[in-house]
Amino acid sequence: MLHTLSDELLLSQVKALAGEERRIHRQILETLLEVDRRQLHLARGFSSLFAFCTDELGYSPASAQRRITSMRLLKEMSPPEREQVQAKIESGRLTLNHLAQVQSLARTERWNLEAKREVLQSVEGKSVRQCERILASQMTSPVLPRETIRPVSATQSQVTLVLDEETLQLLERFKELTAHRNPLATNAGAIRLALQIAVERVNPAREVKRRGAVVGRGAVGASAKLESDTGLPQSVPTREAALTHRPLSEQSSRFSSRHPSRPLRRSVWQRESTCQYVDPLTSRPCSSRFKLELDHHLPFSKGGETTAGNLRLLCRAHNAFFGGRTKPAL
Ligand SMILES: [Zn+2]
């Protein structure tokens, strides 16, 4: 059909479609704002708005990030100001790229909304290259290359990242200490070995073989952030340390603290390795493995026991989601 159109009609059609696309960009940002406000992405079993945009809406990671970052900037504005910016998006004076770049730079430069507003005005109507130049002139810290992971073969990837001096010294020291296990002293070999050791160390499901008392750490519950053993050691309640020598079943019945013993935590981590949230509407499981925390299925404040049966793993987003839901209505 298109090949039968006159040049004039074809150009007019593509311009109309571009206008329609800008109008849709505005609507996408508006609807994402409302989805975010209602936390519907969490309710539907996604651990983040980014996961919702890529997995459910089908956006590429870069497209999803651009829309979410733009939306976050709009979210900070008052409704009248937001309306003005959205009108400019529709007219083409501002684009998702403008908003996302300003918001991203604002994060590293720690700008307040007033500063963002000024910079956004200065990039209005500017091309991508012009916008980048203006933003570069506003930077006070050096521009670091973005971290990238690019596959170079079926089993290998090229990773680009910037290390500070301290990290570099740690890497060199690690290579010295492990030279017998990494004879060629390659960075890749050292990183692999370091990560193997680190992952084993922070995995809460690991069996601990130590002489003397076994220690536990951390708190549990929607408001208390309990992560894997990545944090610093904390002091341990005496009765908890004592309980670690009892069978789990006995601990479960007697232990009335919201703090689970280390063996109890380990048993939950051995049973589960992903977020246990399941959307009641679609049955979609979250299954995130990121920032997992222990949670009382029946809240401790409502009589829920600190037992293996009442504990589960939730990602931080869903733990907070439940925390918000269980708060008394104002
Ligand atoms: Zn989750």
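Every number in this text was worked out from the coordinates using simple rules, so none of it is lab data. Source: prediction; values computed, not measured. Here the Cβ is made from the backbone with ideal geometry for all residues, glycine too, and neighbour counts use every protein chain on show.
First measure r as the distance between the Cβ atoms of Ser91 and Asn112, then evaluate 1/(1 + (r/R0)^6) with R0 = 30 Å and state the FRET efficiency to the nearest 0.05. Don't skip to the answer; put the middle values down first.
Working: r = 26 Å, r/R0 = 0.88.
That gives a FRET efficiency of 0.70.
Seen from Leu171, the other residues with C-beta closer than 14 Å to its C-beta sum to a net charge of -2, counting Lys and Arg as +1 and Asp and Glu as -1.
The 3J(HN,Hα) values that the Karplus relation (6.51, -1.76, 1.60; θ = phi - 60°) gives for the stretch 106-117 are, in residue order, 4, 5, 6, 8, 6, 7, 8, 4, 4, 5, 4, 4 Hz. Gly and Pro appear as x.
The distance separating the Cα centre of the stretch 83-121 from that of the stretch 16-56 comes to 18 Å.
Across the stretch 291-297, rounded Karplus estimates of 3J(HN,Hα) from the backbone phi angles (6.51 cos²θ - 1.76 cosθ + 1.60, θ = phi - 60°) give 6, 6, 9, 7, 9, 7, 4 Hz, Gly and Pro being marked x. Which entries in Lys75/Lys291; Lys15/Lys88; Lys15/Lys75; Lys15/Lys116 show an alpha-carbon gap greater than 19 Å? From the list (Lys75/Lys291; Lys15/Lys88; Lys15/Lys75; Lys15/Lys116), the Cα-Cα distance tops 19 Å for Lys75/Lys291; Lys15/Lys75; Lys15/Lys116. A Förster radius of 25 Å, combined with the Cβ-Cβ distance separating Glu172 from Ile149, puts the computed FRET efficiency at roughly 0.60. In this structure the amide hydrogen of Glu293, modeled in the peptide plane, comes within under 5 Å of the amide hydrogens of Leu314, Cys315, Arg316, none closer than 5 places in sequence on its chain.
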